[in-house]
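Visitor: Quick one: the structure is below, questions incoming.
The values are calculated or read from the model by the stated rules, or taken from the named source; none is laboratory data. The structure presented is a predicted model; accordingly, all values stated were derived computationally and were not measured. Quick reminder, even Gly has a Cβ in these numbers, built from the backbone with ideal geometry, and neighbours come from all protein chains shown.
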Amino acid sequence: MPKSFLIDTTRCTACRGCQMACKDWHNLPAIETKQTGTHQNPPDLNPCNYKLVRFHEHKTADGRVMWNFFPDQCRHCIHPVCKDVADMAVPGAIIQDEATGAILCTEKSAQLSPEDAQAVIEACPYNIPRLDPVTKMLTKCDMCFDRVSNGLLPMCVKSCPTGTMLFGERSEILAEAKKRLAKIKKTFPKAFLADQRDVNVIFLLAEEKEHYYEYAAF
Amino acid sequence: MEQSCQTTAETLNDIIAWRPALASLLTAFSPLLTQAETLTAELLEDPLVAAINLPQCEPSRLQLGASLLSHYTMPDVSGALAYARTKLWPQLQAIPALTDSLEPYYSYLGQVTLEDQHKLLDAVLLNDGTLLSDLATSKNLDAGILHFLATFLYSSLLKAVVLKNYGPANLEKEWPWETNNIWQQGYCPVCGSLPTIAWLDKAVIDERNTYLLGGGGRKHLHCGLCGANWRFLRLACPVCGIAESKQIEILTCDEDSHGESLHWCAKCNSYLPTVDLRERIAIPNLDAQAFGMLHLELIAKEKQLKPLHLSFWNSFS
């Protein structure tokens, strides 16, 4: 049974501790960025940010402003399209670890031609992989594979102070997700678990996906 | 989140993956510990075990520090002991140091008189094999081996009986003596034994606080003999019972500690293996986890510290 994340966005305060912890653990350098009129910073995932808290605001019918936060990362799909596409060009460029369910970009991904790498990026329904212009490798969240293989929590989960993120056996995470959904629905009737059957990173969203991010769910 | 505990085998396999140096030792005892775990699960369904009624939890007695079995006389459990002996025997015989000497113990443990049962149980509860000297001599047995075997048999039985009477409880649920912290001693509220391992609990969602996760890290002690858990002051020594600053020192092995450390008392030099579950994805089997921290116990031995609870893996000289 693979491992899964539950990301309960109703508890997220956008502190971005997960984003920083991820950078810290993977030893990713700071990058130059600029203010784009939102707290979402950097503006998008990139080879130096495998995790990004996305911000989205909208007005409800009764005139209230809803400010939604979405800690975006690879969903570690159960049937990863990125792997299928990469395998057609360079087998082993993207692999799926059986024990954890992690989808990992390997050094072989540097052998993908620019066109093939772009095809992999475009195949991802969640707009996750990015091409590192220096190493030519595909980059994305690796589920902190080194930590998880040693029985430790992924850094983003460990650093989360609000309980937004949980990590564990898929069956236990699904059970907890359903429990939390039932409770959240009392406040947010439209709440749902995004693509829970297809992915190992299950987002609990309080509203329709377009109120979070274009690629938040299928 | 309700998390299931790992089995003994899963816990030992994880530890072996992290510390291959311990593989030969952990693998040698893994079948015995695994079988003991299976035996406890089987005994839980046994009508004989179901018929054993341990004393009710009386807060007034517990607050005074009287463990539940301190004035309790165990009924005749010779049938359960004989069954436990049969189930564990293949694994016990597979231990090279015991293979040639076990035969007389098999017949003796198959039909233990009630009087002898009480002597064996006393020696197990007090963790003192010398109490069995007279009994062992009269039966032409070795007191040390008899104590070792009796500990395994009684431990499987006690774990089932305690769970049946006071459980069910996983690590995230409270035992009756944890309600309102009525038990504040360093020894087991059920059998009075000293703990084999301590654990720091995981962070939990506090429904009263919408925005923050409870920190976790509360200290609990675990009895390797009867399987009970209880909360204890984080900075106090279970033996001295005193919580003073700088009394508890912490010994860890390396950066990659997986939450494992030894907490030792600077006053009495006794130590207790401790695992911080906030560092772990899975909840380990605590008995297997205690065994898997042998590398830290070796360092403790070098520092001339003494284990709080003598077990077969830390009784080396």
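Visitor: So which of B:Leu25, B:Leu54, B:Leu64 is at pLDDT below 95 and within 25 Å of B:Leu92 (Cα to Cα)?
Guide: Going through B:Leu25, B:Leu54, B:Leu64 in turn, just one is at pLDDT below 95 and within 25 Å of B:Leu92 (Cα to Cα): B:Leu25.
Visitor: In segment B:241-261, which residues are away from chain A (no Cβ under 14 Å), of a type in the set (D, E, K, R) and part of a loop (DSSP other than H, G, I, E, B)?
Guide: Selection gives B:Glu244, B:Lys246.
Visitor: Another one. Within segment A:129-153, work out how many residues are in contact with a strand residue (DSSP E or B) (Cβ under 6 Å, 6 or more places away or on another chain) and within 10 Å of another protein chain (Cβ to nearest Cβ).
Guide: Going through segment A:129-153 one residue at a time, the tally reaches 2.
Visitor: If you check A:Cys22, A:Cys74, which single one turns out to be in a helix (DSSP H, G or I) and surrounded by 11 or more Cβ atoms within 10 Å (Cβ to Cβ)?
Guide: Matching residue, one of A:Cys22, A:Cys74: A:Cys22.
Visitor: Please go through (1) touching a Ser or Thr at 6+ places or on another chain (Cβ under 9 Å); (2) over 20 Å from B:Ser30 (Cα atoms) for B:Ala290 and return the number of the only condition it doesn't satisfy.
Guide: The single condition B:Ala290 does not satisfy is (2).
Visitor: Then there is this: Exactly one condition in (1) of a type outside the set (Gly, Ala, Ser); (2) modelled with pLDDT under 90; (3) out of contact with any His (no Cβ under 6 Å at 6 or more places or on another chain) is false for B:Val77; which is it?
Guide: Among (1) of a type outside the set (Gly, Ala, Ser); (2) modelled with pLDDT under 90; (3) out of contact with any His (no Cβ under 6 Å at 6 or more places or on another chain), B:Val77 violates only (2).
Visitor: Kindly indicate whether A:Ala177 is in contact (Cβ under 8 Å) with a residue 12 or more places away in the chain, crowded, with 21+ Cβ neighbours inside 10 Å, touching a strand residue (DSSP E or B) at 6+ places or on another chain (Cβ under 9 Å) and not assigned by TED's automatic domain parsing to the domain that holds A:Cys18.
Guide: no
Visitor: Looking for something of a type in the set (S, T, N, Q), within 14 Å of chain A (Cβ to nearest Cβ) and buried (at least 23 other Cβ atoms within 10 Å of the Cβ) - is there at least one such residue anywhere in segment B:272-290?
Guide: Yes, because at least one residue in segment B:272-290 is of a type in the set (S, T, N, Q), within 14 Å of chain A (Cβ to nearest Cβ) and buried (at least 23 other Cβ atoms within 10 Å of the Cβ).
Visitor: Can you tell me which residues in segment A:77-124 are part of a loop (DSSP other than H, G, I, E, B), within 16 Å of the chain's Cα centre (by Cα) and surrounded by 16 or more Cβ atoms within 10 Å (Cβ to Cβ)?
Guide: Of everything in segment A:77-124, those that are part of a loop (DSSP other than H, G, I, E, B), within 16 Å of the chain's Cα centre (by Cα) and surrounded by 16 or more Cβ atoms within 10 Å (Cβ to Cβ) turn out to be A:Cys77, A:Ile78, A:Pro80, A:Thr100, A:Gly101, A:Ala102, A:Cys124.
Visitor: Now a separate question. Out of (1) more than 12 Å from every other protein chain (Cβ to nearest Cβ); (2) on the phi < 0 side of the Ramachandran plot; (3) part of a loop (DSSP other than H, G, I, E, B), the odd one out for A:Thr162 is which?
Guide: (1)
Visitor: Restricting to segment A:131-174, name every residue that is more than 22 Å from A:Glu98 (Cβ to Cβ), in the same structural domain as A:Gln19 (by TED's automatic domain parsing) and surrounded by fewer than 16 Cβ atoms within 10 Å (Cβ to Cβ).
Guide: Of everything in segment A:131-174, just one residue is more than 22 Å from A:Glu98 (Cβ to Cβ), in the same structural domain as A:Gln19 (by TED's automatic domain parsing) and surrounded by fewer than 16 Cβ atoms within 10 Å (Cβ to Cβ), namely A:Pro161.
Visitor: Go through segment B:201-218 and give me each residue that's in contact (Cβ under 8 Å) with a residue 24 or more places away in the chain and more than 14 Å from chain A (Cβ to nearest Cβ).
Guide: B:Asp201
Visitor: Would you pick out the residues in segment B:262-271 that are touching a residue at least 24 places away in the same chain (Cβ under 8 Å) and either within 13 Å of another protein chain (Cβ to nearest Cβ) or in a loop (DSSP other than H, G, I, E, B) (or both)?
Guide: Residues satisfying the conditions are B:Lys267, B:Cys268, B:Asn269.
Visitor: Next up: Residue check: is B:Ser67 among the polar types (S, T, N, Q), exposed (fewer than 15 other Cβ atoms within 10 Å of the Cβ) and at negative phi?
Guide: So B:Ser67 does not fit the description; no.
Visitor: Turning to a different aspect of this structure: From B:Leu141, B:Leu126, B:Leu131, B:Leu225, which residue is buried (at least 20 other Cβ atoms within 10 Å of the Cβ) and more than 30 Å from A:Arg11 (Cβ to Cβ)?
Guide: B:Leu225
Visitor: Separate question: For a quick check of your reading of the model, give me the residue pairs whose first member lies in segment A:13-36 and is over 17 Å from A:Cys141 (Cα atoms) and within 14 Å of chain B (Cβ to nearest Cβ), whose second is among the β-branched types (Val, Ile, Thr) and part of a loop (DSSP other than H, G, I, E, B), with beta-carbon atoms closer than 7 Å and at least 6 apart or on different chains.
Guide: Note: pairs meeting the criteria are A:Thr13/A:Thr162.
Visitor: Would you pick out the residues in segment B:161-212 that are surrounded by 17 or more Cβ atoms within 10 Å (Cβ to Cβ), among the small types (Gly, Ala, Ser) and assigned to a loop (DSSP other than H, G, I, E, B)?
Guide: B:Gly186, B:Gly192, B:Ser193, B:Ala203
Visitor: Here is a follow-up. Might you check whether a residue that is closer than 23 Å to B:Ile281 by Cα, assigned to a loop (DSSP other than H, G, I, E, B), among the polar types (S, T, N, Q) and within 13 Å of chain B (Cβ to nearest Cβ) occurs anywhere in segment A:179-195?
Guide: no
Visitor: What's the number of the condition B:Lys303 fails, among (1) under 25 Å from B:Lys202 (Cα atoms); (2) in contact (Cβ under 8 Å) with a residue 24 or more places away in the chain; (3) not β-branched (Val, Ile, Thr)?
Guide: For B:Lys303, the exception is condition (1).
Visitor: Can you name the number of the only condition in (1) of a type in the set (Gly, Ala, Ser); (2) more than 9 Å from chain B (Cβ to nearest Cβ); (3) in a strand (DSSP E or B) that A:Gly168 fails?
Guide: For A:Gly168, the failing item is (2).
Visitor: Collect the residues in segment B:243-264 that are surrounded by fewer than 21 Cβ atoms within 10 Å (Cβ to Cβ), more than 19 Å from B:Gln184 (Cα to Cα) and of a type in the set (Asp, Glu), keeping them in residue-number order.
Guide: Those that are surrounded by fewer than 21 Cβ atoms within 10 Å (Cβ to Cβ), more than 19 Å from B:Gln184 (Cα to Cα) and of a type in the set (Asp, Glu): B:Glu249, B:Asp254, B:Glu255, B:Asp256.
Visitor: Out of all the residues in segment A:1-13, which are among the aliphatic types (A, V, I, L, M) and surrounded by fewer than 20 Cβ atoms within 10 Å (Cβ to Cβ)?
Guide: A:Met1, the sole residue that qualifies.
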